[in-house]
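What follows is calculated from the coordinates using simple rules that are stated; it is not laboratory data. Note that the coordinates shown come from a computational prediction; the quantities given were computed from them, not determined experimentally. Neighbour counts are summed over all protein chains in view; Cβ atoms, including those assigned to glycine, are modelled from backbone coordinates with ideal geometry.
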Amino acid sequence: MTDEKRQKVIERIQLLFNRAESKVENSNNPDEVDHEAQAALEMARKLMIQYGLEMEDIETAEHGRPAAAGMPADSYVVEFKAKRTAKWALMLAVTVADYMNAKVFYSEGGSWQGASLVFYGVKLNAEVAAHAFQSLLNQIRTLSRKHKVTRGEWENSRRHAGLFRRLMETQGVKINEYSSFETYRAAAKREYREGLVIGFGRYLKELKEREAASAEGSRITALAIQYEGIAASWLEQQGIETRERKGRKDRGSNMVNPRHLDEGVQDGKNLRLHKGLSPNSEN
């Protein structure tokens, strides 16, 4: 590739980054931000892989210095009213951040504030990941409201509770008993939401594995490693220390009925990463 062509490619990538940043900053519609900003980022990423360019090349060309000296990194905070957030929402945040080449950490609320999820890394990656997370959060809540849990199912579970519990325990699954339909329904819907995230996450994992196994897999992997290094540097510069979240004391599995988790996993394919594109869309 000649120097002239290389410069033109770099300029085109810079324009794509600028377009994505503009969409994120100026749009009040999270779904459209996800679609247009991510599309620009994806095109920039493909050009970088195709022409063997790295973020240092883009940053040096734009600012005249290496990326290590000033690579744009930032964070984007998603706040919750609750002091704690659900397991399925945490699973979703990690899944989305990983796919978007960003990172995320969770901060529990204090006595006067709610919990928050902080997406961080390369600025655009972090912002698009946060918008995608919020969009998916709404989609999961909508699907969950539509998910059917009947009173007859609860009554039947109570009627055959002893037999069902013994059957599931032979498979290593501990079953909680639910004294009211309301608590049973809440647990069933929670289980369904976890299934949605698991199903969606499995598809994204397979997609990344196919990309890594492609002819351009080594370049894709190198770019992901570079993004990860930028995120780690930002975290260190902020003086933030993270630690693994301790699991809650085992109070028994929330398993209500295997069908809720299974249906959630199957319905995960209906989640959309951004407006107009489902995970099954091949581009």
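Label positions at Gln237 and Arg6, each projected 7 Å from the Cα along the C-beta direction, are separated by 2.6 nm.
Here the calculated FRET efficiency for Asn18 and Arg159, from their Cβ-Cβ distance with R0 = 45 Å, stands at 0.10, rounded to the nearest 0.05. Do the alpha carbons of any pairs in Lys46/Lys205; Lys148/Lys205; Lys146/Lys205; Lys205/Lys269; Lys87/Lys205 sit beyond 22 Å of each other, and which pairs? As for pairs spanning more than 22 Å Cα to Cα, those are Lys148/Lys205; Lys146/Lys205. Our estimate of slack between Val77 and Ile198, defined as 0.36 nm per intervening residue step minus the Cα-Cα distance, is 41.2 nm.
Between Tyr51 and Phe181, the C-beta separation translates, for a Förster distance of 45 Å, into a calculated FRET efficiency of about 0.15.
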